[in-house]
Amino acid sequence: MAFIDLIEVSKKFGSNSVLNNVNFSLNEKERVAIIGKNGGGKSTFMKILSGMYDVDSGRVITQNGINIAMLDQNPKFNENLTVKQAMIEELREIFDAIKEYENTLNLISKNHNDKELMQKESELIKFIESKDGWSIENHIERVIENFGLREYKNRLISTLSGGEVRRIALGILVLKKPDVLLLDEPTNHLDVYMVKFLEDILINSKQTIVFISHDRYFIDKIATRSIEIEDGKISNFEGGYAYYLAKKQEILASMQKSHETLLKQLKSEEEWLRRGVKARLKRNEGRKERVLKMREEAKKNPSLIRKIKLELERANVGIKQVSDNKKKMLFECINLSKKVGDKILFSDFNARVLQGERIGIVGKNGSGKSTLLKILLGEVEPNNGEIKRGLIKIGYFDQMRKSISDDKSLIEIFCPNGGDHIMVRGHYMHVYGYLKNFLFPKEFLGKPVSVLSGGEKNRLALAKLFTDDYDCLVLDEPTNDLDIATINILEDYLMSFEGAVLIVSHDRYFVDKTTNKLWIFEEDKKINQTYIPYSEYLEVEDEISELNKVVNEAILEEKEKNSYKTRTKKLSFKQNKILEEYPSLIENLEIRIKELNIALSTPEIYQNQGIQELFEELEEKKGDLVKMENEYFEVLNFAENLKI
């Protein structure tokens with residue numbers, strides 16, 4: 001039985017039909033991504049699932065006893081509580097259950113045959129285990145650490161920003177482990193490290209999840225199914241974003257010619273994504289082999305580990321592209337340093353920005369990325385150093401959003417002096433022909449800006465930005481509040497833009513696709529410059545982290561080797577069996593995982609065998625491999641120490 005069923009459901013707001021006789025079933029342990037244009041009904045659909053909205057017609061059937069929880073866009077907590085206190089208070093049900101379990105155990109010790117107490121004990125255990133509650137204190141600490149809340153742990157909620165409060169709410173909701181978890185743009189206000197932590201939690205939780213996101217790597221990693229809401233209808237696509245792209249192309253190709261532009265865009269994106277996935281799989285295979293070798297060599301030759309680590313750190317600098325000395329220099333940063341209060345953001349930064357460079361400015365939240373942009377724009381002064389600027393014209397997207405006036409119509413914004421034609425980067429064209437590229441239908445021309453959704457206003461600001469000639473575009477978190485279709489348009493324009501582009505963003509997919517250089521804010525307050533894709537940089541960073549763990553494990557084992565000598569000098573039957581059988585079993589699992597990855601990248605195979613079945617087997621085999629490797633290396637280390 002499905003957790004939630006929507007049968008012939010319709011929903012209108014005034015004359016706007018958001019959902020029109022749609023059907024949908026949500027099954028246990030599914031992770032469903034909702035794709036669609038802003039204003040197209042994604043959030044409405046989610047609120048219907050949550051029970052916040054009633055439907056105009058049709059039926060919503062929810063399985064009895066199912067607990068559904070949704071991430072609030074504007075969460076509210078008791079402002080007199082600290083972050084840690086607020087989290088404990090919101091998770092009170094779990095803490096109370098643990099306390100009640102302890103009391104019940106005490107009563108059972110005095111009444112051994114009380115069946116009612118034993119039944120209560122069983123129910124409490126089942127509840128606590130369903131919430132992973134035995135380690136709830138540790139889970140709270142992990143969320144605080146990985147969501148960048150450590151420095152706010154003992155601060156009052158009232159002193160935090162909206163983004164920080166939203167991270168607290170997200171952490172609480174994930175730890176509550178409801179039967180159905182509804183997430184609307186959960187990666188907003190998260191940096192890439194927080195997103196990775198969230199991905200790991202959601203995948204390992206095996207929860208039933210419905211989510212809206214414009215983060216295409218997040219969709220691809222999390223979703224077992226995607227649905228698209230378009231023109232009041234729901235279309236189903238098995239798998240994540242890559243499979244959505246492939247299937248959507250098939251659908252559009254069979255339709256009328258008017259979809260040619262969108263079809264071309266989808267095909268281009270699918271080819272780009274497929275190349276990236278294949279490269280990532282190849283890199284991951286190489287990384288796995290290296291990590292296995294590192295574990296073997298760590299104790300024998302620590303200097304080799306240091307050598308590999310140095311090579312990895314060099315790899316993250318990347319190979320500098322041959323610069324064209326004829327290219328116009330727009331900015332030069334000379335020994336720039338900036339601190340806020342006693343906190344140093346960055347120091348001794350030297351760089352040039354040349355025409356044609358598309359620079360992604362990335363790093364953890366609060367590291368100083370937006371501050372650097374404002375220094376380049378002349379809005380903020382550095383503490384040390386200087387900026388040299390040529391005579392250049394800069395387009396700043398954040399300012400452009402603020403310049404869109406609510407009381408004007410779209411045509412008044414683009415044609416303030418009348419008429420219906422505009423100049424777009426030296427070309428004279430009809431305003432509708434131009435706005436059509438930004439997904440605005442003709443009937444929108446006379447509408448006031450005030451009736452547009454937040455996402456549509458952002459799309460309008462982008463359209464306005466690209467009408468003018470600029471030497472440099474500066475964009476601060478441009479993909480926030482944009483739908484995927486609009487982000488695709490933005491990407492196309494940026495990749496064809498001949499000037500320089502500076503982008504602050506946590507969107508890994510967007511940064512990978514649009515930039516050819518990175519400025520990375522590091523922990524040591526330096527800004528590293530590299531020419532490799534951002535996702536590859538993060539992968540190498542993970543490998544360095546893994547390497548550090550291997551080194552630390554080797555050091556720990558060395559310190560404990562004397563204690564190992566005092567242990568039993570004989571392996572158990574089970575341990576001997578693991579040493580004998582696991583190497584071939586691990587090898588077979590790795591072969592099968594490779595076969596499944598190939599199958600999921602080959603339409604001829606996944607269409608025949610079924611994406612869902614292949615995806616579920618892949619997830620299962622990955623989990624088996626991790627478990628088996630951990631058990632094998634644990635026994636192997638123990639066996640080797642017996643020989644010492």
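Bear in mind these aren't lab numbers, they're just calculated from the coordinates by the rules spelled out. Note that the structure is predicted; figures quoted are calculated from it, not measured. Quick reminder, even Gly has a Cβ in these numbers, built from the backbone with ideal geometry, and neighbours come from all protein chains shown.
In a simple Cβ point-charge model (Lys, Arg +1; Asp, Glu -1; nothing else charged), the chain has a dipole of about 1440 debye relative to its Cα centre. One way to sum up the overall shape of the chain is the equivalent ellipsoid from its Cα gyration tensor, whose semi-axes run 44, 34, 26 Å, largest first. With unit charges on the beta carbon (Lys/Arg positive, Asp/Glu negative), name the residue among GLY366, ASN516, ALA242 whose Cα is farthest towards the positive pole of the charge dipole of the chain. Towards the positive end, the residue furthest out is ASN516. Note on LYS327 and GLU137: the model spin-label points, each 7 Å out from Cα along the C-beta direction, lie 5.5 nm apart. Rounded to the nearest Hz, the phi-derived 3J(HN,Hα) couplings of region 432-441 under the Karplus curve 6.51 cos²θ - 1.76 cosθ + 1.60 (θ = phi - 60°) are 5, x, 6, 5, 4, 5, 9, 6, 9, x, where x marks glycine and proline. With a Förster radius of 51 Å applied to the beta-carbon distance between SER453 and MET118, the computed FRET efficiency rounds to 0.40. Each peptide in 100-110, 117-127, 145-155 was scored by the mean count of other Cβ atoms within 10 Å over its residues; highest first, the order is 145-155, 117-127, 100-110. Highest mean first, the peptides 18-25, 460-467, 216-223, 391-398 sorted by other C-beta atoms within 10 Å per residue fall in the order 216-223, 460-467, 18-25, 391-398.
Positive end of the charge dipole of the chain (Lys, Arg +1 and Asp, Glu -1 on Cβ, about the Cα centre): tell me which of VAL380, HIS189, ASN21 has its Cα farthest that way. Farthest towards the positive end: VAL380. Here region 68-261 is treated with +1 on each Lys and Arg Cβ and -1 on each Asp and Glu Cβ, and its dipole about the Cα centre works out to around 120 debye. Here's the picture: a label point sits 7 Å out from the Cα of SER10 along the beta-carbon direction, and within region 24-60 the residues with their amide nitrogen under 13 Å of it are 55-59. Taking only the C-alpha atoms of region 567-644, Rg followed by Dmax gives 17.1, 55 Å. Normalised by residue number, the volume inside the convex hull of the Cα atoms of region 329-536 is 127 Å³ per residue.
I need the shape label for region 67-118. Rule: rounded when a/c is under 1.5, else prolate if a/b > b/c, else oblate, with a, b, c from the alpha carbon gyration tensor. Since a/c reaches 1.5 but b/c is at least a/b, the shape of region 67-118 is classed as oblate. Pairs LYS11/LYS622; LYS177/LYS621; LYS126/LYS196; LYS76/LYS115; LYS267/LYS457: which exceed 31 Å Cα-Cα? Over 31 Å Cα-Cα: LYS11/LYS622; LYS76/LYS115.
Altogether, the Stokes-Einstein calculation at 10 °C and 1.306 mPa s, with the Kirkwood radius of region 68-261 over Cα pairs as Rh, returns a diffusion coefficient of 82 µm²/s. Full extension of the chain segment joining ILE344 with ALA253 gains 27.4 nm, where the gain is 0.36 nm per residue of separation less the Cα-Cα distance.
In order along region 189-194, phi translates into HN-Hα couplings of 6, 10, 7, 4, 6, 5 Hz, rounded to whole numbers, per the Karplus curve 6.51 cos²θ - 1.76 cosθ + 1.60 with θ = phi - 60° and x for Gly and Pro. In summary, the convex hull built on the alpha carbon positions of region 374-475 has an orientation-averaged projected area of 7.7 nm².
Selection among PRO603, PHE638, ILE591 by position relative to the dipole of region 567-644 gives PHE638 as farthest towards the positive end (Cβ unit charges, Cα centre). Extension gain, ASN335 to LYS126: 0.36 nm times the residue separation minus the Cα-Cα distance gives 69.3 nm.
About the centre of its Cα atoms, region 1-60 shows a dipole size close to 260 debye [charges on the beta carbon of Lys, Arg (+1) and Asp, Glu (-1) only; nearest 20 debye]. Each part gets one Cα centre, and for region 345-369 versus region 134-210 those centres are 28 Å apart. The phi-based Karplus calculation (6.51 cos²θ - 1.76 cosθ + 1.60; θ = phi - 60°) puts the 3J(HN,Hα) values of region 12-28 at 10, 10, x, 8, 8, 8, 7, 10, 10, 6, 8, 10, 7, 10, 10, 9, 4 Hz, whole numbers, x for Gly and Pro.
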